1. Tell me, what is the percent relative contact order of the chain, built from C-alpha pairs under 8 Å that lie six or more residues apart?
2. Do any GluC sites (Glu not before Pro) in the range 100-204 lie in a loop, going by DSSP, with at most 16 other beta-carbon atoms within 10 Å of their beta carbon, and if so which?
3. Hey, fewest Cβ within 10 Å first, where do Tyr105, Tyr96 land in order?
4. Between the DSSP loop rule and a limit of at most 11 other Cβ atoms within 10 Å, which trypsin sites (Lys or Arg not before Pro) in the range 61-144 are left?
5. Taking Rh as the Kirkwood radius, which is the inverse of the mean 1/r over Cα pairs, what is the Rg/Rh value for the range 133-207?
6. Calculate the translational D of the range 80-143 in whole µm² s⁻¹ from Stokes-Einstein, where the hydrodynamic radius comes from the Kirkwood formula applied to all Cα pairs, the temperature is 20 °C and the viscosity 1.002 mPa s.
7. Calculate for the chain the 222 nm mean residue ellipticity that helices alone would give, adding -39,500 (n - 2.57) per DSSP H run of length 4 or more and normalising by residue count, nearest 500 deg cm²/dmol.
8. Just want the ordering: Ile33, Ile68, Ile199, from fewest to most Cβ atoms lying within 10 Å of their own Cβ.
Amino acid sequence: MKKDIITFHKKDDNPSPFKLIFTLGLAGFISGIAIIGIYEITLPTITAYKIKVLHEAVFKVLPGVTQIKKLHYTDDDGLQVTTSKQNDDDTLYGGYNNQGNLIGYAIPAEGPGFQDTIRILYGYKVEQRQVVGMEVLESRETPGLGDKIYKDADFQENFVALEVEPTIVLVKKGAKSAPNEVDSITGATISSKAIVRIINKTNERWLKRLNK
């Protein structure tokens, strides 16, 4: 008696290339929409926080200031008060006392550090031709080394009465002998150099405008 032979065919579980591409594309699209949505929702909060930090820093780098005004520079009109929320290389902050007299300017600046871009704010007094304070607004420098640019009190002290002419010079820690010199941070020379370089470069743009 002949027996029936039943053949079982294994189903192919591998998805087609089209289905795989479609699935990956859909997942990427949904992820992109989610990221954009989160960014749009959190952007106002992040922006408001940065403005708050910046304003607080103005009072730190310009001792004695009780009022601040945002100023924008143009070649035609010089410095003018602005209410624009936009910031650019021609924007800084004027610091005033209770009588409305100008004490100095708080100048935003940024440049490359060891790890990433360093953003700072420094105070400048025109009559004294001095930097009178420096605050690091944003930095990703190496913890324990590069982060000393804002954690090391001795390094911060360099910027309390720092003369800007002929230019600011970084020297080996303990070797400072002139009012335009900055003691570097041991083990974080690159980050120290970055701060001095950022201020010098920014001064090239601003001092000729402010010292008129």
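Bear in mind these aren't lab numbers, they're just calculated from the coordinates by the rules spelled out. Nothing here was measured: the structure is a model prediction, and the numbers come from that model. Cβ sites come from the backbone with ideal geometry, for glycine too, and all protein chains shown count toward neighbours.
1. It comes to 13 percent, rounded to a whole number.
2. For GluC sites (Glu not before Pro) across the range 100-204 that sit outside H, G, I, E and B with at most 16 neighbouring Cβ atoms in 10 Å, the list reads Glu127.
3. If I rank by nearby Cβ atoms, fewest first, I get Tyr96, Tyr105.
4. Hits after loop and neighbour filter: Lys85.
5. In the range 133-207, Rg relative to Rh is 0.94.
6. 160 µm²/s
7. Helix contribution divided over all residues of the chain: -12000 deg cm²/dmol.
8. Listing Ile33, Ile68, Ile199 from fewest to most nearby Cβ atoms yields Ile33, Ile68, Ile199.
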